[in-house]
């Protein structure tokens, strides 16, 4: 059974460096979330930051800048849903991503 867990910036960046297929970890972030299994082994991370596109950077929009998993089923879906819940809880009104 998977569950959402907080992840520190350094751990999220290390996970992306290890598991992302073609991109390095992003430079900055607002927050990061992880998904772990029942043994608390980290199976995926999502990093959320300011939008890369300047015209979207209006103070109310965030962007999922990286998602990386080890291939665990449903990990990406859980991360995207959790990033939206966290984004809206912080008062932002829009979350964008490019997959």
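Brief remarks follow.
- Test result for residue 45, touching a helix residue (DSSP H, G or I) at 6+ places or on another chain (Cβ under 8 Å), within 14 Å of residue 2 (Cβ to Cβ) and either modelled with pLDDT of 95 or more or part of a helix (DSSP H, G or I) (or both): yes
- Picking from residues in the range 1-32 that are modelled with pLDDT of 90 or more and closer than 18 Å to residue 51 by Cβ, the one that is nearest to the chain's Cα centre (by Cα) is 32.
- The conditions of being buried (at least 20 other Cβ atoms within 10 Å of the Cβ), at pLDDT 95 or above and either within 9 Å of the chain's Cα centre (by Cα) or part of a loop (DSSP other than H, G, I, E, B) (or both) are met by residue 83.
- Qualifying residues in the range 29-42 (those that are over 16 Å from residue 95 (Cβ atoms) and out of contact with any helix residue (DSSP H, G or I) (no Cβ under 6 Å at 6 or more places or on another chain)) - the one surrounded by the fewest Cβ atoms within 10 Å (Cβ to Cβ): 39
- Scanning the range 48-76 for residues that are without any contact (Cβ under 8 Å) to a residue 40 or more places away in the chain, touching a helix residue (DSSP H, G or I) at 6+ places or on another chain (Cβ under 8 Å) and either in a loop (DSSP other than H, G, I, E, B) or within 15 Å of residue 88 (Cα to Cα) (or both) turns up 62, 63, 64.
The values are calculated or read from the model by the stated rules, or taken from the named source; none is laboratory data. Since this is a predicted model, take the numbers as computed values, not measurements. Cβ atoms come from the backbone with ideal geometry, glycine included; neighbour counts cover every protein chain shown.
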